[in-house]
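Contents: one structure, followed by commentary.
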Amino acid sequence: MTLAMTLDLDFVRSQFPAFSEPSLQGFAHFENAGGSYACGQVVESLDRFYRQTKVQPYHHFAPSRLGGEQMDRAYERMAAWLNVGADEVHFGPSTSLNTYVLAQALRQKLAPGDEVVVTNQDHEANVGAWRRLEASGIAVREWRIDPDTCELHVADLAALLNERTRAVAFTHCSNIVGSINPVREICDLVHQAGALAIVDGVSFCPHGMPDIPSTGADVYLFSLYKVYGPHLGVMVMRRELNGELPLQGHFFNADKPHYRFTPAGPDHAQVAAVNGVLDYMDAVFARHHPDRPGSPGERADVVRRLMRDQETRLLQPLLDYLSGHPAVNLIGRTQAGQRAPTVAFTVRGRSSDALARQLAAEGLGVGAGDFYAYRLVEALGLDNADGVVRASFVHYTAPEEVDRLIGALDAMLP
Ligand SMILES: Cc1ncc(COP(=O)(O)O)c(C=O)c1O
């Protein structure tokens with residue numbers, strides 16, 4: 001297979017209505033880690049669902065049956081893309097809620113004195129839900145970042161694990177530091193201790209959804225509204241674990257795997273619109289390999305590489321600029337190949353919020369704050385109220401947009 005190929009950016013951008021939307025002309029989106037643009041396939045799917053099949057699904061009458069079929073297809077296609085079974089995929093309202101429900105399920109299996117490990121590099125979604133278990137007598141241990149590098153060291157986790165450890169909740173990629181943690185190595189270590197590995201993939205997946213079995217995670221979570229899709233959280237849970245954890249949904253749904261940990265009930269239109277995300281991914285693959293259909297795993301692999309290569313190329317100049325500026329404190333690694341294009345920094349003597357406001361006035365959409373990685377920002381000795389500036393981009397970002405950001409920063413910084 002030929003993989004030395006670059007992303008067709010014009011094609012990619014043609015798939016996103018936002019890039020031809022008149023009201024967004026001149027605006028450059030750099031808050032993708034908060035929420036990405038939706039691809040046209042998703043927008044069309046939502047529109048179609050609401051026009052044609054917006055009735056209760058899974059009855060015999062035509063619009064209901066068709067709605068249900070689209071939803072079933074969404075589970076099957078997402079599962080195939082992630083290389084798991086359709087019964088291992090859950091669509092919930094968000095990652096925060098999926099994590100909460102998961103933690104409550106696990107709570108019923110744990111005994112006082114059992115231990116759970118959380119990090120201070122994570123978004124609070126994968127911390128707070130676990131810390132709540134302290135009220136049930138579960139001991140919560142914290143795997144802390146090295147404050148000099150903002151990295152989590154695997155050796156520090158090893159020192160926290162013991163025979164009472166039942167679960168370790170950590171992030172595949174930090175939504176501030178941008179580092180990609182060695183997920184497989186960590187999961188293997190967690191399993192050697194006999195514990196479950198709960199992985200937050202929210203900041204990783206916009207850059208290419210992974211082959212889940214190869215991560216080693218028992219539960220892997222991410223949010224589709226950051227992956228060009230509808231506002232849903234995906235939770236992939238190992239089949240055996242699903243069977244072991246107590247039901248959190250209605251008692252009569254106990255034998256339906258993806259109803260067991262989604263007590264809120266699904267948003268039908270959004271579940272159906274997951275197909276739009278996969279149509280987009282398929283379209284990217286087909287654009288670069290019109291000669292063959294490819295298996296889902298092959299398509300996922302190719303799309304991931306195309307995205308990652310494109311992002312890495314655009315990221316290095318931004319990292320070089322920020323790491324070379326005397327007034328800037330860049331958070332995380334300076335080599336693009338070792339991190340995601342989620343770039344947080346502070347500027348000496350300047351408020352992050354004020355800088356984000358200034359950039360917004362130039363049509364550059366960056367965020368400021370702690371991005372709910374509250375404990376991380378605190379560990380870095382920063383003021384949570386002002387936090388960091390975060391410029392995050394994805395594969396559809398154009399080189400000219402990155403140049404514009406660097407140029408604007410250069411004009412604004414001391
Ligand atoms: C790394 C990370 N984890 C979890 C979440 C929570 O996701 P959700 O908004 O779907 O609850 C976010 C949201 O920004 C995030 O960035």
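Counting other C-beta atoms within 10 Å, which of D410, D114, D211 has the fewest, and how do the rest follow?
Starting with the residue having the fewest Cβ neighbours, the order is D410, D211, D114.
I'd like to verify something in the chain: which complete DSSP H helices, judged by Cα projection on the helix axis, reach 15 Å or more and average at least 0.0 on the Kyte-Doolittle scale?
95-107, 268-288, 399-412
Using only the Cα atoms of region 323-399, what semi-axes does the equivalent ellipsoid have when each is the square root of 5 times a gyration tensor eigenvalue? Give whole Å, largest first. Write out the running numbers ahead of the final one.
On the way: eigenvalues 70, 54, 33 Å².
Working from the Cα gyration tensor, I get semi-axes of 19, 16, 13 Å.
Among the lysines, which have Cα under 24 Å from the Cα of K109 when same-chain residues fewer than 8 positions away are ignored?
Partners within reach: K256.
Considering the Cα positions of region 63-143, please state its Rg to one decimal place and its Dmax as a whole number of Å.
Rg and Dmax of region 63-143, Cα atoms, are 16.7, 52 Å.
Give the Rg (one decimal place) followed by the Dmax (whole number) of region 281-414, computed from C-alpha coordinates and expressed in Å.
Cα only, region 281-414: 17.2, 55 Å (Rg, Dmax).
I want to verify a result. In a Gaussian network model of the chain, Cα cutoff 10 Å, which of these has the top mean-square fluctuation: F371, F251, F261?
F251
If you place +1 on the Cβ of every Lys and Arg and -1 on the Cβ of every Asp and Glu, how big does the dipole about the Cα centre of the chain come out, in debye to the nearest 20? List each step's numbers first, then the result.
Values: 36 positive and 49 negative charges, 127 e Å.
Its charge dipole is roughly 600 debye.
Compute the relative contact order of the chain as a whole-number percentage, counting only Cα pairs closer than 8 Å that sit 6 or more residues apart in sequence.
Values: 795 pairs, mean separation 93.8, N = 414.
With pairs under 8 Å counted, the relative contact order is 23 percent.
Once you keep just the Cα pairs under 8 angstrom separated by 6 or more residues, what percentage relative contact order results for region 168-250? If you can, show how the numbers build up before the last one.
Numbers: 114 pairs, mean separation 20.2, N = 83.
Over region 168-250, the number comes to 24 percent.
Beyond 33 Å, what share of the Cα-Cα pairs of the chain remains, rounded to the nearest whole percent? Can you show the working numbers first?
Numbers: 28743 of 85491 pairs.
For the chain, the fraction of Cα-Cα distances above 33 Å is 34 percent.
Find the eigenvalues of the gyration tensor of the Cα atoms of region 1-96, then list the square roots of 5 times those eigenvalues as equivalent ellipsoid semi-axes, largest first, in whole angstrom. Walk me through the numbers before you get to the answer.
Numbers: eigenvalues 172, 85, 43 Å².
The answer is 29, 21, 15 Å, longest axis first.
Which value, to two decimals, describes the C-alpha radius of gyration of region 204-344 once divided by 2.2 N^0.38 Å? Write down the numbers at each step before the final one.
Numbers: Rg = 19.0 Å, N = 141, 2.2 N^0.38 = 14.4 Å.
Normalised Cα radius of gyration, region 204-344: 1.32.
Based on Cα positions only, what radius of gyration and what Dmax would you give for region 140-238, in angstroms?
13.6, 41
For each of L24, L315, count neighbouring Cβ atoms within 10 Å of the residue's Cβ, then give the residues from fewest to most.
Working: L24 16, L315 22.
Least to most surrounded, the residues fall as L24, L315.
Hey, can you grab everything whose amide H is under 5 Å from the amide H of R141? Only 5+ residues off in sequence or another chain; H modelled, so Pro and N-termini drop out.
Those qualifying (amide H under 5 Å, at least 5 residues apart or on another chain) are V116, V117, V118.
Whole number please: convex hull volume per residue of the Cα set in region 357-398, in Å³?
On the way: hull volume 3.5 nm³, N = 42.
About 82 Å³ per residue, rounded to a whole number.
Just going by the charge dipole of region 144-207, with Lys and Arg at +1 and Asp and Glu at -1 on Cβ, which of P182, A159, G201 is farthest out on the positive end?
Sorting the options by dipole projection puts first G201.
Could you check the spin-label model distance between R357 and E240? Points 7 Å from the Cα along Cα→Cβ, value in nm.
5.6
Name the shape class, rounded, prolate or oblate, that the alpha-carbon gyration tensor gives for region 295-345, where a ≥ b ≥ c are the square roots of its eigenvalues, rounded holds for a/c under 1.5, and otherwise prolate holds if a/b is larger than b/c and oblate otherwise.
On the way: a/c = 4.56, a/b = 3.21, b/c = 1.42.
Prolate, because a/c is 1.5 or more and a/b exceeds b/c.
Among S45, Q15, Q56, whose Cα sits farthest toward the positive end of the charge dipole of region 1-58 (+1 at Cβ of Lys/Arg, -1 at Cβ of Asp/Glu, about the Cα centre)?
The Cα lying farthest towards the positive end belongs to Q56.
Any read-out appearing in this document is the output of simple, stated calculations on the displayed coordinates, not a laboratory observation. Treat the numbers as computed from the prediction; the structure is a model and nothing was measured. Glycine also receives a Cβ, built like all others from the backbone with ideal geometry; neighbour counts cover every protein chain displayed.
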